[in-house]
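Below is one structure, written out as structure tokens, with a few remarks after it.
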Amino acid sequence: MKVILQRVSEASVTVAGNQLGAIKQGFMLLVGVQDTDTDAELDYLVRKITNLRVFEDQAGKMNLSLTDVAGAILSISQFTLYADTRKGNRPSFTAAGAPDFAKKMYDRFNTKLAATGVHVETGEFGADMKVSLVNDGPVTIVFDTDNK
């Protein structure tokens, strides 16, 4: 799996003009799945994301986790994280998970995140989404379970 995490002061997602999810302080996640992903990757990412210490403490140091600041997550599925741009100018997405499998894993990932007590909002899998966010910091971190 690949996840792009952005620390945000606010983020939202709309589909066809309807807002599906919105958060204030927390993380906006772009989530990509490949067919070889398992629950081990999900569990690893849930643990890393919910315990990642990138929020400032009273001394101004990035020392607090999402749970420490009662932050939320906006999770957005994004198969384009598996784009292969090595040949030509049109990316190939053959490394991205098959839609049925990817949706199942994306849903399981969000369920596991919510089971930690974190509030989770989502977009709509496979939809043309409009995502708005205010990146706080900016703090942007890339997770790739192939490189854990």
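Rule-based calculations on the coordinates, nothing more; no lab input. If you're wondering where the values come from, they're calculated on a predicted model, not measured in any experiment. Please note: Cβ atoms are built from the backbone with ideal geometry, for glycine as well, and neighbour counts cover all protein chains shown.
For the reader, a short list of remarks on this structure follows.
- Here's the list of lysines a cross-link from K87 could span, going by alpha-carbon distance under 24 Å and ignoring same-chain residues fewer than 8 apart: K2.
- Coarse-grained scattering of the range 61-147 at q = 0.20 Å⁻¹, given as base-10 log I(q)/I(0) from a Debye sum over alpha-carbon atoms: -1.23
- Structure-derived percent of Cα pairs over 24 Å apart - corresponding label in (i) 31; (ii) 27; (iii) 43: (i)
- Environment charge at S132 (Cβ cut-off 14 Å; Lys +1, Arg +1, Asp -1, Glu -1): -1
- Share, in percent, of DSSP beta bridges within the chain that are antiparallel, nearest 5: 75
- C-alpha long axis of helix 39-51 to longest principal axis of the chain, angle in °: 30
- Residue exposure sequence - S132, S77 - by fewest surrounding Cβ within 10 Å: S132, S77
- A cut-off of 5 Å between modelled amide H atoms, ignoring neighbours fewer than 5 places along the same chain, links L20 with V13, T14, V15.
- H119 long-range amide H proximity, modeled H, under 5 Å: I73
- Placing +1 on each Lys and Arg Cβ and -1 on each Asp and Glu Cβ, with no other charges, gives the chain a dipole about its Cα centre of roughly 240 debye.
- The angle between the Cα long axis of helix 99-115 and the longest principal axis of the Cα atoms of the chain comes to about 10 degrees, rounded to the nearest 10.
- Projected area averaged over orientations for the range 6-78, convex hull of C-alpha atoms, nm²: 5.8
- With contacts taken as Cα pairs under 8 Å at a separation of at least 6 residues, the range 2-147 carries a relative contact order of 39 percent.
- At most 15 other Cβ within 10 Å, DSSP loop - chymotrypsin sites (Phe, Trp or Tyr not before Pro), the range 70-114: F93
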